[in-house]
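Working notes, structure below.
Every number here is computed from the coordinates shown, using simple stated rules; none is lab data. On a predicted model such as this, the values are computed, not experimentally measured, just so you know. We place every Cβ from the backbone using ideal geometry, glycine too, and count neighbours over all the protein chains shown.
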Amino acid sequence: MARKKVTLQYTPNDSTRRGTFKKRHRGLMKKASELAILCDVRACVLVYDEGEMVPEVFPSHVGAVKILNIFKNMPELEQYKKMMNQEGFLRERIDKLRDQLRKFGREAGTTRDPPAQGHVWQPP
């Protein structure tokens, strides 16, 4: 049976939040381990628990330091080649959607391009 989609929002109840954190924390570490094993990649996860000074680290503290040092020693261009922040991701997504909109417009026989950023495009 399929699970119900969970809405992501802050949980104000402390005990519920702690329980969810523990469950999801274990799941995150397991997924990182599976990713590293199945795809033969180097993976590193740092999780700071609320109120804790020392993070939980995957695969180990020494392993994480090695992975981070490899990353730091890469040329800067190589480091940033595939890196993306939320703004970059959203810009890329908007560009893809605009291209899709143009394509659908051509197929439908309209040639009107969507407007630049900040404006809402209304279909003809």
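Summary of values
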read-out: Fewest-first sequence of Ser33, Ser15 by Cβ atoms within 10 Å of each Cβ; value: Ser15, Ser33
read-out: Charge-dipole axis of the chain as Lys and Arg at +1 and Asp and Glu at -1 on Cβ define it, positive-most pick from Thr7, Met74, Ala43; value: Thr7
read-out: Computed [θ] at 222 nm, deg cm²/dmol, the chain (DSSP H ≥ 4; -39,500 (n - 2.57); rounded to nearest 500); value: -18000 deg cm²/dmol
read-out: Potential lengthening between Lys5 and Lys22 on full extension [0.36 nm per residue; Cα-Cα distance subtracted]; value: 4.2 nm
read-out: Within region 1-83, GluC sites (Glu not before Pro) in DSSP loop having at most 16 other beta-carbon neighbours inside 10 Å; value: Glu50, Glu52
read-out: Only Lys, Arg (+1) and Asp, Glu (-1) charged, at Cβ; region 14-75 dipole about Cα centre in debye; value: 160 debye
read-out: Label point distance in nm, Phe71-Met29, each placed 7 Å from Cα along Cα→Cβ; value: 1.9 nm
read-out: Cα centroid separation - region 3-55 against region 56-79, whole Å; value: 20 Å
read-out: Folded to 0 to 90 degrees: helix 14-39 orientation relative to the chain principal axis, Cα; value: 80 degrees
read-out: Global geometry of region 14-75, whether rounded, prolate or oblate, following the gyration tensor of its Cα atoms and the 1.5 cut on a/c; value: oblate
